[in-house]
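The structure appears below as structure tokens.
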Amino acid sequence: MNILDLDHSLTAQAPIARLLESGQARRLDLLDLGPKLRLWSSEKNYRRFSERLRQRPRHTGPQPEIFFVGSGDYHHLTPAFLADVAEPVSLIHFDNHPDWVCFAPRRHCGSWVNRALKLPNIKRIVTLGPCSDDLHNPQLRGGNLGALKRGDLQLFPWQHPPSQVWGRIGDGAGHRQLENHLHWRNLADLDWPVFLAQLIESLPTEAVWITLDKDVLASEDAATNWDQGGMRLTHLLQALRALAAGKRILGIDVCGEFAQPAFSNAFKRWEAKSDQPPPERWSADDLLRNSTTNQALISLFEELFP
């Protein structure tokens, strides 16, 4: 396992510390780049990150390579993990936000899905779990409905009312269009094991990569820098187990820790204050949920990928 130390959010957690002390994980010291990469990054700093990432010992063996990344403010680093994938792959994306904004900077935590869609070996992205306001009037918010229309992207909210749209998007795996609204196939209303079986059967590739932002989880299971979704940890663990049983997992990256705001410029500080709930909403006891959830994830990974 790889522990990317970008923001101090991981190394103080007991399950992560145990992995590092035992040699089961390696720490990549990226604290100097953390504020520059957080929320969004210039191409220059993104290249610096990619170069540093390539310096890690090369992953070998049949088991997936696993990355713990820190705050969800770094989710736009996921395409760097995928850059060396040499075979067709489906990207399974757990998140409370679709991260598909077209007018944000290219290397932005709210737009990285569009970059991933351009990678040659990504055959489909399936986003599971959004509950956020990003799906309210998604065209006005810059959502990439073109990818949804083409079927390159499938989106299944955890729970969201119909979204108003203009023009013909058409039906998809996670929605149907009735007049000027997309009616979502909300996961909270479905039989979860049946849905997972159908999803796995429908994927166009044998190989998958899983990218997980823990803000997809309800606040009972995680405390992040962003607003929380509605999925419970039990649902997430069941999904990971089903994907591992039905597909060959190439890699997993996990973000969605809580990290105190630390940004490289005033504009990022303003953006975070404008877009994110106040960090003071979490107590020290609340933040312990992240350690508990990470321990559950680590235990599952150790079971599935011995």
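Some points to look at:
- Structure remark: mean-square fluctuation, Gaussian network model of the chain, C-alpha springs under 10 Å; the largest value among P138, P57, P157 belongs to P57.
- Among residues other than R241 with Cβ under 14 Å from its Cβ, the summed charge is -1 (Lys and Arg +1, Asp and Glu -1).
- Projecting the Cα atoms of A197, Q276, W100 onto the dipole axis of the chain, where Lys and Arg carry +1 and Asp and Glu carry -1 at the beta carbon, places W100 farthest toward the positive end.
- Evaluated over the chain, the Cα radius of gyration and Dmax, each in Å: 18.1, 58
- Diffusion coefficient (Stokes-Einstein, Kirkwood radius over C-alpha pairs, 20 °C, 1.002 mPa s) for segment 51-118: 160 µm²/s, rounded to a whole number.
- Normalised per residue, the volume of the convex hull around the Cα set of segment 1-57 (Å³): 76 Å³
- Entries of K118/K247; K36/K273; K214/K247; K118/K149; K118/K214; K123/K247 with Cα pairs more than 19 Å apart: K118/K247; K214/K247; K118/K214
- Summarising the label geometry, the points placed 7 Å from Cα in the beta-carbon direction at R241 and Q55 lie 4.1 nm from one another.
- The share of C-alpha pairs in segment 148-211 whose separation exceeds 17 Å stands at 46 percent.
- Trypsin sites (Lys or Arg not before Pro) restricted to segment 120-168 and DSSP loop, no more than 15 other C-beta within 10 Å: R168
- Sorted largest first by accessible area at a 1.4 angstrom probe radius, with every protein chain in place, the residues H8, H108 fall in the order H8, H108.
- 23 Å tail of the calculated P(r), segment 224-303, as % of Cα pairs: 37 percent
- Surface composition of segment 147-306: carbon plus sulfur atoms hold 53% of the accessible area, using a 1.4 angstrom probe and ignoring ligands, DNA and RNA.
- Across segment 93-194, the convex hull enclosing all Cα atoms gives 97 Å³ per residue.
- Highest-first arrangement of 20-31, 257-268, 278-289, where packing means the average Cβ count within 10 Å: 257-268, 20-31, 278-289
- The Cα-based radius of gyration of segment 218-261, divided by its Kirkwood radius, gives an Rg/Rh of 1.05.
- Förster-model FRET efficiency, 41 Å R0, L190 and Q295, C-beta, rounded to 0.05: 0.90
- Legend: translational diffusion of segment 1-108 by Stokes-Einstein, Rh = Kirkwood radius over C-alpha pairs, 10 °C, 1.306 mPa s; D = 105 µm²/s.
- Summed residue charge, Cβ within 13 Å of F94's Cβ, Lys/Arg positive, Asp/Glu negative: -4
- Cut-off under 5 Å, modelled amide H: who pairs with V208 long-range: S90, R248, I249, L250
- Extension gain for Q164 to L140 (0.36 nm times residue separation, less C-alpha to C-alpha distance): 7.7 nm.
- When the P(r) of segment 152-302 is calculated, the portion above 24 Å amounts to 46% of the C-alpha pairs.
- Electrostatic dipole magnitude of the chain [Cβ: Lys, Arg +1; Asp, Glu -1; Cα centre; debye, to 20]: 1040 debye
- Length-normalised contact order for the chain - Cα pairs under 8 Å, 6+ apart - percent: 20 percent
- Förster radius 30 Å - calculated FRET efficiency between S42 and D227, Cβ distance, rounded to 0.05: 0.65
- Of W158, W209, W192, the residue with the greatest mean-square motion in the GNM of the chain, using alpha carbon springs below 10 Å, is W192.
The values are calculated or read from the model by the stated rules, or taken from the named source; none is laboratory data. Bear in mind the structure is a predicted one, so any value in this text is a computation, not a measurement. No Cβ is skipped: glycine too gets one built from the backbone with ideal geometry, and neighbour counts run over all protein chains shown. Areas reflect the complete protein model, heavy atoms only, side chains present, ligands, DNA and RNA absent. Shrake-Rupley method; radii C 1.70, N 1.55, O 1.52, S 1.80 Å.
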